[in-house]
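Q: Below: one structure in structure tokens.
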Ligand SMILES: Nc1nc2c(ncn2[C@@H]2O[C@H](COP(=O)(O)OP(=O)(O)OP(=O)(O)O)[C@@H](O)[C@H]2O)c(=O)[nH]1
Ligand SMILES: [Mg+2]
């Protein structure tokens, strides 16, 4: 007889969906740490980011992805969409994140990308924003008609509501196998990458609609001096007007961005950080293939 308690499951799970549905917030909730940046603006995530969750008897290797988008064409956006497609190949399960308040044409576009033969679990997110939970029923019925899902689980990634139930639903479809990472690992990304992302997050959160999409962050140097991390970063912008907005009056906005980013780094890295940030104009970087590759897109 098989001893059910001895079975260990493990697998790769892609988290996909249209922009701003809460994929990265959900990754962080599942992993229990802030490793993927989030903001109200669509297309905050630009990279594939792995987050590892190890429970008794099961290890999940989640892959957060950029929001699938079809609106604005640039080489950067082409690369973001390619990152989504790449993340879908060879996974053991897929979590499709949708916003419980509305299913859109863009959600259906994402559904078309999903390979057949891989179990898909819907995370019906942002249920905290739905006052009358009966409103979820027609949404669930609408979704269920679109594909044969392994499960549809209403959650609130932001509040953590039913994230454990979602994890159980995912575990049920994962293959048996040993852990893929040491069980105290939470991501495959290094501190250098995370430092650049924290800076980008503050730009997305603090600035209006135009500037964030014109910016990219590169870490020039990352040095350890005992417990201190000394980091020098460059923010690239597309044009002089964006540079002026980013720096702000007397450097005030830049200072606020750098301070907030530094505090996040100190919390995640567990030590003091000295952060020096420069802003440089690099016209057309989002259509410059050599530059995009250098930036890791
Ligand atoms: N009310 C509510 N807001 C949420 C929830 N989950 C995420 N959000 C908010 O939705 C916005 C987008 O969240 P993200 O996690 O950045 O969304 P994303 O899908 O990763 O977005 P992209 O990376 O840009 O595609 C943020 O303002 C989040 O705080 C939730 O459960 N409830
Ligand atoms: Mg994201």
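Q: Quick check: pseudo-label points 7 Å beyond the Cα along Cα→Cβ at residue 72 and residue 161, how many nm apart are they?
A: Output for this residue pair reads 3.2 nm.
Q: Could I ask something else about it? Which semi-axis lengths, in whole Å and largest first, follow from the square roots of five times the eigenvalues of the Cα gyration tensor of segment 213-297?
A: 24, 17, 9
Q: How large is the direction-averaged shadow of the alpha-carbon convex hull of segment 67-112, in nm²?
A: Numbers: hull surface 14.6 nm².
One quarter of the hull surface, i.e. the mean projection, equals 3.7 nm².
Q: How much of the pair distance distribution for the chain lies past 33 Å, counting alpha-carbon pairs only, in percent?
A: When all Cα pairs of the chain are counted, 27 percent exceed 33 Å.
Q: Label residue 101 and residue 190 with points 7 Å out from Cα along Cα→Cβ: what is the distance between them in nm?
A: Output for this residue pair reads 4.0 nm.
Q: Can you put 246, 30 in order, fewest other beta carbons within 10 Å first?
A: With the fewest neighbours first, 246, 30 line up as 246, 30.
Q: Could you list the residues of segment 266-286 with an amide nitrogen less than 18 Å from a label point located 7 Å from the Cα of residue 41 in the Cα-to-C-beta direction?
A: It comes to 278-286, nothing else.
Q: Just want the ordering: 247, 15, from fewest to most Cβ atoms lying within 10 Å of their own Cβ.
A: 247, 15
Q: Enter the per residue convex hull volume of segment 1-121, computed from alpha-carbon coordinates, in Å³ rounded to the nearest integer. Don't skip to the end; give the middle numbers.
A: Details: hull volume 14.0 nm³, N = 121.
Each residue corresponds to 116 Å³ of Cα convex hull volume.
Q: I've got another one for you. Out of all DSSP beta bridges in the chain, what portion is antiparallel? Express it as a percent rounded to 5.
A: If I count the DSSP bridges inside the chain, around 40 percent turn out antiparallel.
Q: Between residue 209 and residue 221, what is the label-point separation in nm under the 7 Å Cα-to-beta-carbon projection?
A: Once both label points are built, they end up 4.1 nm from each other.
Q: What residue among 104, 234, 25 shows peak mean-square fluctuation when the chain is described by a Gaussian network model with Cα springs under 10 Å?
A: 104
Q: Moving on. Taking a point 7 angstrom from the Cα of residue 112 along the C-beta vector, which residues in segment 61-78 have backbone N less than 12 Å away?
A: 70
Q: Counting other beta carbons within 10 Å of each Cβ, put 263, 96 in order, fewest first.
A: 263, 96
Where a number appears in this text, it was derived from the coordinates with a stated rule and is not lab data. These numbers were taken from a predicted model, which means no experiment stands behind them. No Cβ is skipped: glycine too gets one built from the backbone with ideal geometry, and neighbour counts run over all protein chains shown.
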